[in-house]
Amino acid sequence: MTAAVQAARSLEAHTTILTLPLDHRWLREPDDLEYLISRLADLPHIKGIALGAAKNPLAAKGTVTALRHLITSLERVALIRTDLAGLDAYAHGALFASIGMQTAMRHVRQPGSVPPPLPKGSNVTTMVLHPQLMGYFKADKLRDLYGRVPAPLCHCSVCRGRSLVRFDHNHSDQEEANRHNIATWLPWADDLQRTTAGSDRRSVWEQLCHDAREAHQQLREEISDPGALEVPRWLNEWAGGPD
């Protein structure tokens, strides 16, 4: 990381983005985080942070708060190759965010690491962004979740009132699910962009996440299986809860 920062200093700041793939463990220890901030604080270039982990980089306790601290401590910073965490970063002052279309593009992975297993009998994994729950679900897991209750209809520009559980693990459905996912989060991004940066933008984002947290509770009651749908740690924090 130090070598990359030093190399960036020889390049024009207004035409260069320094991409920094960072292991999520940088967010785990306060001393490591402060060292990282100190190395980047006076760099005038745009700093594109891409977090790496085997699964969700924000799954560990304290990482959501730490990422927000990193974003708010730096000038000209962006969160790239991410999921909805990019919108949280943007709400808290990031210049921009880049949300990956597929799971492999929503965080970086260590070279040589083993990718997650594919669904049985398929060579692709279809991930579907649930508009009310603000979470990505495997297509088969989403069908199982609604096995005993009516499946929701989605009214995004791709689905146009069709069932959210229609997707399966094949290339055609994966492609359509990717378009649905973009059509789902894009209005949230538009709302944030149209809102004044600062406390107003943060409030809009927190309300979206609060509504999603409430939707989790409502669905748990409908399916009568509280253990089937836990509120993700990151969503709870985005909604104003403790990390």
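The values are calculated or read from the model by the stated rules, or taken from the named source; none is laboratory data. From a predicted model like this one, the values you see are computed outputs, not experimental measurements. Here the Cβ positions follow ideal geometry from the backbone for every residue, glycine too, while neighbour counts run over all protein chains shown. Note: accessible area is taken over every heavy atom of the protein model, side chains too, but ligands, DNA and RNA are not part of it. Shrake-Rupley method; radii C 1.70, N 1.55, O 1.52, S 1.80 Å.
Round to the nearest 10 and give me the degree value, 0 to 90, for the angle of helix 63-73's Cα axis relative to the longest principal axis of the chain.
Compared with the principal axis, the helix lies near 40 degrees.
Treating each Cα of the chain as an identical point scatterer and ignoring solvent, apply the Debye formula and state log10 I(q)/I(0) at q = 0.07, 0.16, 0.18 Å⁻¹.
The computed values of log10 I(q)/I(0) come out as -0.25, -1.25, -1.49.
In the chain, which Cys residues have no partner Cys with a Cβ closer than 4.7 Å?
Those would be Cys156, Cys209, since no other cysteine Cβ in the chain comes under 4.7 Å of theirs.
Per DSSP helix of 4 or more residues, -39500 (n - 2.57); summed, then divided by the residues of the chain. What does that give at 222 nm, rounded to the nearest 500?
Numbers: 8 runs with 98 residues, N = 243.
Calculated mean residue ellipticity at 222 nm is -12500 deg cm²/dmol.
Quick check: pseudo-label points 7 Å beyond the Cα along Cα→Cβ at Thr16 and Ser172, how many nm apart are they?
Computed distance between label sites Thr16 and Ser172 equals 4.9 nm.
In nm, to one decimal, how far is the Asp225 label point from the Gln110 one, both placed 7 Å along Cα→Cβ?
Label-label distance for Asp225 and Gln110, simple model: 3.4 nm.
On full extension of the chain, what length is gained from Lys55 through His210, given 0.36 nm per residue of separation minus the C-alpha to C-alpha distance?
Details: separation 155, 0.36 × 155 = 55.80 nm, distance 2.37 nm.
Between Lys55 and His210, full extension yields an extra 53.4 nm.
Within 10 Å, count the other beta carbons around each residue, average over each peptide in 189-199, 39-49, and list them highest first. Can you show the working numbers first?
Values: 189-199: 12.6, 39-49: 18.0.
So the order, starting with the most tightly packed, is 39-49, 189-199.
So how far apart, in nm, are the two label points at Ser98 and Thr65 if each is 7 Å from Cα heading toward Cβ?
Calculated label separation equals 3.1 nm.
On a 0 to 90° scale, report how tilted helix 171-194 is relative to the longest principal axis of the chain, with both axes built from alpha carbons and the result rounded to the nearest 10.
60
Using only alpha carbons, build the gyration tensor for the range 76-220 and give me the equivalent ellipsoid semi-axes, biggest first, whole Å.
Values: eigenvalues 137, 86, 35 Å².
The three semi-axes for the range 76-220 are 26, 21, 13 Å.
Quick one: which residues, 5 or more positions from Asp23 or on another chain, have an amide H under 5 Å from its amide H? H modelled 1.01 Å from N in the peptide plane, none for Pro or chain starts.
Excluding prolines and chain starts, which carry no amide H, the hits are Gly52.
How do Thr184, Thr65 stack up against each other in accessible area, from largest to smallest, with a 1.4 angstrom probe?
Values: Thr184 10, Thr65 70 Å².
Sorted by accessible area, descending: Thr65, Thr184.
Quick check on packing: order 92-98, 231-237 by the mean number of other C-beta atoms within 10 Å, highest mean leading. Show your work: numbers first, answer last.
Numbers: 92-98: 18.6, 231-237: 20.3.
Ranking the peptides 92-98, 231-237 by packing returns 231-237, 92-98.
Sort the following peptides by mean Cβ neighbour count (other Cβ atoms within 10 Å, averaged over residues), highest first: 51-62, 71-82, 1-12.
Details: 51-62: 18.4, 71-82: 20.0, 1-12: 11.5.
Packing order, densest peptide first, comes out as 71-82, 51-62, 1-12.
From the backbone phi of the range 42-53, what are the Karplus-calculated ³J(HN,Hα) couplings (6.51 cos²θ - 1.76 cosθ + 1.60, θ = phi - 60°) in whole Hz, Gly and Pro given as x?
Taking θ as phi minus 60°, the curve returns 9, 7, x, 6, 5, 10, x, 8, 10, 7, x, 6 Hz for the range 42-53.
Give the angle, between 0 and 90 degrees and rounded to the nearest 10, that separates the Cα long axis of helix 199-223 from the longest principal axis of the Cα atoms of the chain.
30
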